[in-house]
Amino acid sequence: VEAEVIRDSMLQISGLLDKTPFGLGTRDSSMNRRSVYFFLKRAALIPEMLLFDWPEHLVGVGHRPTTTIAPQALQFLNGPQTRRYAEGFAQLLSRNPSDQSKIKAAYQMAFSRFPSEEEMNLAQQFIETQGTTNLNDGYEVNQAWIDYCQSLFSLNEFLYVR
């Protein structure tokens with residue numbers, strides 16, 4: 001999907017989306033409003049958006065190219081914005097009482113479906129492994145859930161239309 005859809009979807013799922021309509025735009029890439037509210041300046045484009053084929057804004061574009069490049073994956077793995085969205089997502093999931101209900105809620109929010117049995121098992125293994133690793137490294141237990149949410153944003157199912 002397009003850069004704006006990816007960003008807006010992550011904001012929505014993380015619970016960070018500011019739905020205030022109208023008003024002035026901004027060049028601040030950390031704003032929580034929809035991507036349509038970015039103020040454009042040729043000399044200061046937003047790198048995260050350019051990675052996902054943000055169109056040239058000075059000319060009419062009849063067809064947007066679609067590319068898949070390594071920096072896109074790195075943005076999901078290392079990008080501070082993606083991490084911030086994952087933290088918001090994990091915060092929303094923390095309202096659920098059990099790990100299984102959190103995993104089901106995560107799939108419902110990110111993919112509009114429930115996870116398969118295999119996906120449930122893999123998710124539980126991931127959470128347990130990350131939780132153990134994080135505790136050994138001195139991090140909070142919640143870090144495993146943030147890592148899990150960030151991994152969901154990186155899945156093809158989140159980024160591509162079937």
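The values are calculated or read from the model by the stated rules, or taken from the named source; none is laboratory data. Just so it is clear, the structure is predicted and the values come from calculations on it, not from any experiment. With ideal geometry, Cβ positions are generated from the backbone for all residues, glycine too; neighbour counts draw on all protein chains shown. Just so you know, the surface numbers come from the protein's heavy atoms only, side chains and all, with ligands and any DNA or RNA stripped out. Shrake-Rupley method; radii C 1.70, N 1.55, O 1.52, S 1.80 Å.
Values computed for the structure shown
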| item | result |
| --- | --- |
| Given 10 as the ceiling on other Cβ atoms within 10 Å, longest exposed-site-free region of the chain for chymotrypsin sites (Phe, Trp or Tyr not before Pro) in DSSP loops | 23-159 |
| Two-site FRET efficiency, T26 against L74, from Cβ-Cβ distance with R₀ of 25 Å, rounded to 0.05 | 0.50 |
| Cα radius of gyration and Dmax for the chain (Å) | 17.1, 53 |
| Whole-Hz couplings from phi, Karplus 6.51/-1.76/1.60, listed for the range 8-19; x for Gly and Pro | 5, 5, 5, 4, 4, 5, 6, x, 9, 5, 8, 8 |
| Extended-chain gain in nm, criterion 0.36 nm per residue less alpha-carbon gap, A105 and E4 | 34.0 nm |
| Percent accessible area from carbon and sulfur atoms, the range 9-162, protein chains only, probe 1.4 Å | 54 percent |
| The range 21-38 - phi-based ³J(HN,Hα) in whole Hz, Karplus 6.51/-1.76/1.60, Gly and Pro as x | x, 6, x, 6, x, 8, 9, 6, 5, 9, 5, 9, 8, 4, 4, 5, 8, 6 |
| Calculated from backbone phi, Karplus (6.51, -1.76, 1.60) coupling profile of the range 151-162 in Hz, x at Gly/Pro | 5, 5, 5, 8, 6, 4, 4, 7, 9, 10, 7, 5 |
| 5 angstrom amide H check on R33, placed H, neighbours 5+ away | D18 |
| Whole-number percent relative contact order across the chain, with pairs defined as alpha carbons under 8 Å at least 6 apart | 23 percent |
| Candidates E128, E117, E87: whichever shows maximal mean-square fluctuation once the chain is modelled as a Gaussian network with Cα springs under 10 Å | E117 |
| Partner aspartates and glutamates for K41 [C-alpha distance under 12 Å; skip if fewer than 8 residues away on the same chain] | D28, E56 |
| Heavy-atom accessible area per residue - the chain, 1.4 Å, Å² | 60 Å² |
